[in-house]
Amino acid sequence: MHISFLIHNAYGIGGTIRTTYNLAGTLAEQHDVEIVSVFRHRDEPVFAPSGKVRLRHLVDLRKGSPGYEGDDPEYERPATVFPATEGRYKQYSALTDRRIADHLRGLDCDVVVGTRPGLNVHIAQQARRGIARVGQEHLTLSTHSSPLKLTLRTHYPRLDAVTTVTEADAATYRKLMRLPGVRVEAVPNSIPAPVVTPADSTGKWVVAAGRLAPAKRYDVLIRAFGKVVAERPDWRLRIYGGGAEKAKLRALIDKLGLYNHVFLMGPANPLDPEWVKGSIGAVTSSLESFGMTIVEAMRCGLPVVATDCPHGPAEIIDNGVDGLLVPVGKTDAIAAGLLKLIEDDELRRRMGRAALENSARFDPAEIAGRYENLFAGLTGRGALRDSLHRTRGALLSGALRTKDAVRPALRRVRAA
């Protein structure tokens, strides 16, 4: 099977990029796989792709490179296909519209997979007939603006499948988006087993990781850890990541007098060697689309204390078995969860072993197998898929609006 992924920028750093490389590399063991990056802004990608995965780009933004296209007149004109309701819209242009369209219309593969809403819209409109069209959603429907939801409701019916990273979000898509004939499947992100020895639960460190953004609520974690320090001053907290909240969080640490107990470590790649230095992971987000850092910590043998926020933590953590779920934004509850594991060495070790065992279900081989089953089901639909696309397109264009017109069309689809 020939599988082509379309991604915003495969040369950067981020959860979507990392999980795309994980999935593509595993699928490439059995299939012909490529990753096509809309943009390229550096010579080498941060995450090295598997040697079996082909990587190419559509627009070169490397200043000083022979292929630099940032001064192309088309790059200065706004995009008309990539939706203006999408968060990355300002980075797209008439040049990207044309390059993506040329790529999709000339694509010779079995399955094309988009990795963000705007690219999924391109695929829905421009991928050649006969190719299975899959749109991945790495965020949640609830985080999309109302105008973007309307855009997706218009174009997603032309896809063959939409994948979400949680069952909760898949249920929301099925209920609210009205996508007849489109398979909506929950397939979580994959996290490979670390190459380092798992944590032994002896290090007196709590570890958190992620961008320093308001949704991560590191301010709540820092305040909660202040309560931990009052009981157990021998424990410390490391927070890995960069972002706009750094100065604000540094000021809070100083205000609470925690400068000897809470450390902003900056970004780290890879993170596995840092996870295993700790004994407990902490996630205090108000919203998670999945929770990759939870799985990363668990794969390193750490039980995680996480807020029970939408949508991912409760689908990852077995509360009381391999981690603890606590209420969102409740400083006392977070502190109590951390202290429960800090004060009980045997409980912490037992949960760490369970976390290591249970998180194996997110191994890339497991997740790739689920995608293989999905792709095989889609590519086997052949003529029916083409018939559905034609009918959906007619419905969207307004040609089939009345019951008298819809019924014959549905009969033709059923016959196919």
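The values are calculated or read from the model by the stated rules, or taken from the named source; none is laboratory data. Nothing here was measured: the structure is a model prediction, and the numbers come from that model. Every residue, glycine as well, gets a Cβ built from its backbone with ideal geometry; the counts of neighbours run over all protein chains shown. For accessibility, only protein heavy atoms count, side chains too; no ligands or nucleic acids. Shrake-Rupley method; radii C 1.70, N 1.55, O 1.52, S 1.80 Å.
Once the gyration tensor of the Cα atoms in the chain is diagonalised, the equivalent ellipsoid follows with semi-axes of 41, 24, 20 Å, ordered largest first. Specify the inter-centroid distance of region 20-66 and region 150-184, based on alpha-carbon positions, in whole Å. Taking the Cα centre of region 150-184 as reference, the centre of region 20-66 is 27 Å away. Considered as an equivalent ellipsoid built on the Cα gyration tensor, region 57-166 has semi-axes of 24, 18, 12 Å, the largest given first. The share of C-alpha pairs in region 163-270 whose separation exceeds 24 Å stands at 47 percent.
Taking the Cα centre of region 218-297 as reference, the dipole from Cβ charges on Lys and Arg (+1) and Asp and Glu (-1) amounts to some 320 debye.
Could you work out the helix-only [θ] at 222 nm for the chain, with each DSSP H run of four or more residues adding -39,500 (n - 2.57) and the total divided by the number of residues, to the nearest 500 deg cm²/dmol? -12000 deg cm²/dmol, from helical runs alone. A Förster distance of 25 Å, applied to the separation of the beta-carbon atoms of residue 227 and residue 250, puts the FRET efficiency at 0.80.
With protein chains left intact and a 1.4 Å probe, residues in the chain average 43 Å² of accessible area per residue. Could you look at the chain and say what percent of its accessible area is carbon and sulfur, using a 1.4 Å probe and all protein chains? C and S atoms contribute 51 percent here.
Please give the charge dipole size of the chain, origin at the Cα centre, charges +1 on K and R Cβ atoms and -1 on D and E Cβ atoms. Round to the nearest 20 debye.
On the way: 58 positive and 46 negative charges, 320 e Å.
Dipole size: approximately 1540 debye.
Report note on the peptides 189-198, 253-262: ranked by the mean count of other C-beta atoms within 10 Å, highest first, their order is 189-198, 253-262. Available extension along the chain between residue 376 and residue 125 is 88.1 nm, counting 0.36 nm per residue and deducting the alpha carbon span.
Which percent of the Cα-Cα distances in region 1-62 go past 19 Å? That fraction is 21 percent.
Using R₀ = 41 Å, calculate the FRET efficiency as 1/(1 + (r/R₀)^6) where r is the Cβ-Cβ separation of residue 175 and residue 318; round to 0.05.
0.95
Defining a contact as two alpha carbons under 8 Å apart and six or more residues distant in sequence, what relative contact order in percent does the chain show? That works out to 13 percent. Ordering 95-103, 5-13 by mean Cβ neighbour count within 10 Å, with the highest value first, yields 5-13, 95-103.
Working note: Cα gyration tensor of region 229-365, eigenvalues times five, square-rooted, sorted largest first, giving semi-axes of 23, 18, 15 Å. Ordering 172-180, 275-283 by mean Cβ neighbour count within 10 Å, with the highest value first, yields 275-283, 172-180.
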